[in-house]
Amino acid sequence: MSTIEWPLWEVFIRSKQGLNHKHVGSLRAPDATLALENARDVYTRRSEGISIWVVESAHIHATDIDDAASFFEPSDTKIYRHPTFYEVPDGVKHM
Amino acid sequence: MTQAEKELRFQEKIDREIKIEPNDWMPDEYRQTLVRQISQHAHSEVVGMLPEGNWITRAPNLRRKAVLLAKVQDEAGHGLYLYSAVETLGTSREQTIDDLHSGKAKYSSIFNYPALTWADIGTIGWLVDGAAIMNQVALCRTSYGPYARAMVKICKEESFHQRQGYESLIKLCNGTPQQKAMAQDAMNRFWWPALMMFGPSDAESTHSDQSIKWKIKRFTNDELRQSFVDATVPQAEILGLTIPDSNLKWNEERGHYDFSEIDWNEFWQVVKGNGPCNKERLAARVKAKEEGAWVREAASAFAKKRAMKKSA
Ligand SMILES: [Fe+2]
Ligand SMILES: [Fe+2]
């Protein structure tokens with residue numbers, strides 16, 4: 001049995017000009033060139049993309065799920081950041 | 001938080017239709033059930049390429065050949081999406097594949113039946129992919145995020161699989177008497193194995209209740225099997241093929257077709273490894289891995305060398 005395990009890559013695809021690259025999944029490949037070619041074969045068989053990014057999964061840093069509540073707390077408590085927080089008289093238009 | 005509290009919170013999330021993601025806390029048994037189910041599903045996609053791949057060079061014309069090639073390539077992709085989903089649960093890819101090769105992991109028993117004639121290829125697309133779609137559509141709303149996302153992508157790609165099979169059968173059924181007979185023969189051999197794809201009956205199914213509670217599954221095996229029969233009978237009528245079941249008839253009261261009991265003895269025999277092609281299928285997978293080892297090693301060596309050159 002082979003013990004060589006290729007690194008894991010995360011795949012991001014831009015479906016058309018003007019849109020963000022979006023995460024679509026992951027795959028294993030020995031290097032970036034093959035990761036891109038494999039991503040093309042696996043994730044864009046029906047013209048789903050015009051541009052692909054691959055990033056080694058090991059290079060992705062993420063927020064800690066257990067701290068999510070306190071980490072995102074500052075924004076949850078600031079409802080005045082939303083337009084609906086403010087009252088304007090009925091007659092006011094274009095606002 | 002105690003274990004019981006964690007479990008309670010987990011179930012609350014499930015009940016509120018909040019998807020579970022890889023780093024979220026989950027009960028060990030939920031994780032194990034997913035690893036078993038998703039890897040079994042992945043293996044089925046990959047082993048499923050074997051009976052069809054065998055017919056690519058023998059397709060009757062270039063159009064059918066291109067279509068079959070595209071379908072088989074899709075199945076490879078489906079295997080990969082699902083292996084990636086298993087990996088998010090903390091099981092290594094290598095381990096998952098080795099579990100198939102050692103016989104520890106299972107795959108859908110349908111692929112242990114041989115594809116003997118060209119009509120089998122159309123029938124596989126129609127009935128086998130049709131049954132798979134019935135299962136997979138239900139799984140698009142499964143509670144584990146990566147599995148659900150893989151299913152959505154797979155379902156989008158599957159719809160042509162069934163249609164191309166049905167189209168191919170339409171041609172055969174409107175062809176010569178020999179072609180029609182070949183289609184009927186394929187139907188006779190694949191009907192029951194296709195119904196078996198939904199797994200043991202609800203009374204026998206060991207994991208069903210908990211899987212429904214955790215919303216891994218949304219429908220029971222028998223419910224999905226019934227939906228498949230109801231959807232397929234009219235399609236067979238249009239083809240002019242006879243379903244090999246003398247008890248098959250519409251039940252006005254139930255609003256469903258009645259059909260005979262499955263031969264569960266055959267089902268369990270094939271699951272246990274005694275189907276017509278079990279050994280051949282597994283041997284083909286092991287051979288592919290062993291004979292491809294040098295390619296994987298060479299690609300790794302090449303990548304290492306290039307990285308060294310870059311940093312020098
Ligand atoms: Fe598939
Ligand atoms: Fe398929």
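The values are calculated or read from the model by the stated rules, or taken from the named source; none is laboratory data. It should be emphasised that the depicted structure is a prediction, and the values quoted were computed from it without experimental measurement. Glycine gets a Cβ as well: all are built from the backbone with ideal geometry, and neighbour counts include every protein chain shown. Heavy atoms of the whole protein, side chains included, go into the accessibility calculation; ligands, DNA and RNA do not. Shrake-Rupley method; radii C 1.70, N 1.55, O 1.52, S 1.80 Å.
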- request: Return the residue satisfying two criteria in turn: it lies in segment B:168-184 and is part of a helix (DSSP H, G or I) and among the small types (Gly, Ala, Ser), and of such residues it is nearest to ligand 2 (Cβ to nearest atom).
  value: B:Ser168
query: Quick one: B:Thr206 ticks every box in (1) surrounded by fewer than 19 Cβ atoms within 10 Å (Cβ to Cβ); (2) within 26 Å of B:Asp245 (Cα to Cα) bar one, so which box is it?
result: (2)
task: Give the residue, chosen from B:Val67, B:Val128, B:Val137, B:Val72, that is open to solvent by less than 10 Å² (accessible area, probe 1.4 Å) and either part of a helix (DSSP H, G or I) or touching a residue at least 40 places away in the same chain (Cβ under 8 Å) (or both).
output: B:Val128
Odd one out for B:Lys310 among (1) more than 12 Å from chain A (Cβ to nearest Cβ); (2) open to solvent by 90 Å² or more (accessible area, probe 1.4 Å): (1)
task: Say whether the condition of being farther than 17 Å from B:Pro234 by Cα, open to solvent by 10 Å² or more (accessible area, probe 1.4 Å) and either within 16 Å of ligand 2 (Cβ to nearest atom) or modelled with pLDDT under 95 (or both) is met by at least one residue in segment B:160-167.
output: yes
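Residue check: is B:Arg189 within 16 Å of ligand 1 (Cβ to nearest atom), open to solvent by 10 Å² or more (accessible area, probe 1.4 Å) and in contact with a helix residue (DSSP H, G or I) (Cβ under 9 Å, 6 or more places away or on another chain)?
Criteria not met by B:Arg189.
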task: Pull up segment B:87-116, narrow it to residues that are away from ligand 1 (no atom under 11 Å from the Cβ), crowded, with 20+ Cβ neighbours inside 10 Å and under 15 Å from the mean Cα position of the chain (by Cα), then point me to the one that is nearest to the other protein chains (Cβ to nearest Cβ).
output: B:Leu100
task: Find the strands (runs of 3 or more DSSP E) located wholly in segment A:1-78 whose residues include 2 or more that are of a type in the set (A, V, I, L, M) and over 18 Å from B:Arg296 (Cβ atoms), and list them.
output: A:8-14, A:51-56
